[in-house]
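Beneath this line is the structure, given in structure tokens, with notes to follow.
The values are calculated or read from the model by the stated rules, or taken from the named source; none is laboratory data. Note that the structure is a prediction, hence the values are computed from the model and not measured. Please note: Cβ atoms are built from the backbone with ideal geometry, for glycine as well, and neighbour counts cover all protein chains shown. We work out accessible area using only protein heavy atoms, side chains counted, and drop any ligands, DNA or RNA first. Shrake-Rupley method; radii C 1.70, N 1.55, O 1.52, S 1.80 Å.
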Amino acid sequence: MLLADEGSSAVSEKEVVFEDSFDGRSVLGDGYRVGSGMEAGWNIQDGVLFGKQVRDDHGSIMRKQMEFGDLHVAFDFRFNGGSRFNFVIDDNNEKSVHAGHVARASLTPKRMMISDDKLGLMNLEVREKRKAKSLPAEQQKELEDLLARTQASAAIQAKPGTWHHLELTIHGTVMTVHLDDKEVVSLDSPGFAHPTKTQFGMTVNGSSIDFDNLRVFATE
């Protein structure tokens, strides 16, 4: 397995404010939240967190509850049959977006996408426009331009059955993601600077995707 402390020296020099290697227990426990009816979707074995989809209508959700503005987080993951996972950042008190979602990184074995959900995909007004059967041409163009501004993506190679290391930072209006110590994608979008984030975590589609060595670092 690729361990988090085998990453760059810049990461290892930063102060760790939270870490979880999932050792010594079989469930997530205090400080975490699991989606309703999704308890069976998450279990810990031999110090590895296993996530699988157990409801047909939604991927399995787990969130670490923590208050923050900027974020510097790192973890290891392994596609082990699952098709996609989202690393989701929420503000449970934010009412302008669906389910509090303000930002995310979405990964398949071949692609990574990051999104300013506060202004883009999860904004309630944007969601209503996307659901509309037809929009005037000018509004459709505005919607497409908005989605293009609030998302960025890149090809990746995350080999199934192999551990990979992901590092994600939000600094002000910029989100950047490194995979195996190489920058993959970055985006500057105003919604990333939302100041009162309350939790982050995974949403897993398919069965299964595995996680280990979760760390949160102090931000400047």
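What the chain shows is 48 Å² of accessible area per residue, with the surface traced by a 1.4 Å probe over protein heavy atoms. An ellipsoid equivalent to segment 150-220, defined through the eigenvalues of its Cα gyration tensor, has semi-axes of 23, 15, 13 Å when rounded to whole angstrom and sorted largest first.
Structural descriptor for the chain: relative contact order 35 percent, calculated from alpha carbon pairs under 8 angstrom and at least 6 residues apart. Extending 7 Å from Cα along the Cβ direction at residue 207 and again at residue 18 yields two label points whose distance is 2.9 nm.
The translational diffusion coefficient of segment 18-125, from Stokes-Einstein at 37 °C and 0.692 mPa s with a Kirkwood hydrodynamic radius over alpha carbon pairs, comes to 215 µm²/s. Split the accessible area of segment 70-116 by element, probe 1.4 Å, and carbon with sulfur accounts for 43%. Lysine pairs in the chain with Cα distance under 23 Å, only those 8 or more apart or on different chains: how many are there? Pairs that pass both the separation and distance tests number 24.
Length available on full extension from residue 134 to residue 70: 0.36 nm per residue minus the Cα-Cα distance, which gives 19.3 nm.
Rounded to the nearest 0.05, what FRET efficiency do residue 171 and residue 124 give with R0 = 25 Å and r taken as the Cβ-Cβ distance? Could you check?
That pair, residue 171 with residue 124, gives E of 0.40.
Evaluated at q = 0.07, 0.10, 0.11 Å⁻¹, the base-10 log of the normalised Debye intensity for the chain, with identical point scatterers placed on the Cα atoms, takes the values -0.21, -0.43, -0.52.
The angle between the Cα long axis of helix 137-149 and the longest principal axis of the Cα atoms of the chain comes to about 20 degrees, rounded to the nearest 10.
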